[in-house]
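Single-structure report; data block below.
The values are calculated or read from the model by the stated rules, or taken from the named source; none is laboratory data. What you see is a predicted model, and the numbers here were worked out from it, not measured in a lab. Backbone-built Cβ (ideal geometry, glycine too); neighbour counts: all protein chains shown.
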Amino acid sequence: MSELRTGGCLCGAVRFSARVEAGLQACHCRQCQQWTGGGPLFVAHVAEMQITQGEDALHSYHASHWGERITCATCGSTLWWKMQGKPTRGVAAGLLDDQAGLTVTEEIFVDYRPDWLPAFEGATQSTEAQEEAKLRAYLEREST
C-alpha cells in the first residue's frame, strides 16, 4: 500500500510529491556510502512522482553505464538514484516531509555493510553478486 507524501531537498529548491511505499531499502554499496558520506542510502520506493518545484535545480551524475545519481545543484542534497532513461522509482528517505510508518525491509550489497552497523532485524539481505545477477536479468529483459 502506498501513501501520497511530499518532500524536498535541504535548501527547498527541489520539491516533489509521490506515492510512497512503507518499506525502505538500505543500499550499502561503496558508491552509496561515498554519496551519502557514510551510508547506507535509505531509499523510499515511489510511484507517480511529480517534481513540483525546481526541475532546473536537478543535477545528474552517471556513476555507471546504467545508473544515474541525482542531486540538488543548489545545496548538493542527495535526491535519488535511477536507471538511466527510466522514471524515478526511489528517493532518499530523508527528503520526505513525513517519515512516519517507514521501516527498513530490504538491505542490498550487505557484503559492504560497515562492521559498525548491525543488520536491520527482519529485513531481507542480498549481496553484490545477487544484485548484479538481478541487474543482468533486468537489462536482458529490457533489451528484448
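Of note:
- Selection of first residues in region 133-144 that are closer than 15 Å to Ile108 by Cβ and of second residues that are surrounded by fewer than 12 Cβ atoms within 10 Å (Cβ to Cβ), restricted to Cβ pairs under 9 Å at least 6 apart or on distinct chains, gives an empty result.
- Of all residues making up region 52-74, the number that are surrounded by fewer than 19 Cβ atoms within 10 Å (Cβ to Cβ) and either within 13 Å of Ala92 (Cβ to Cβ) or under 16 Å from the mean Cα position of the chain (by Cα) (or both): 10
- Residue check, Gly39 closer than 30 Å to Glu132 by Cβ, modelled with pLDDT under 95 and in contact with a Leu (Cβ under 9 Å, 6 or more places away or on another chain): yes
- Positions within region 1-40 being among the basic types (Lys, Arg), touching an Asp or Glu at 6+ places or on another chain (Cβ under 7 Å) and surrounded by fewer than 19 Cβ atoms within 10 Å (Cβ to Cβ), in sequence order: Arg19
- Close contacts from region 61-80, counting a first residue that is assigned to a strand (DSSP E or B) and a second that is charged (D, E, K, R), with Cβ to Cβ under 6 Å and a gap of 6+ residues or different chains, come to Tyr61/Arg69; Glu68/Lys82.
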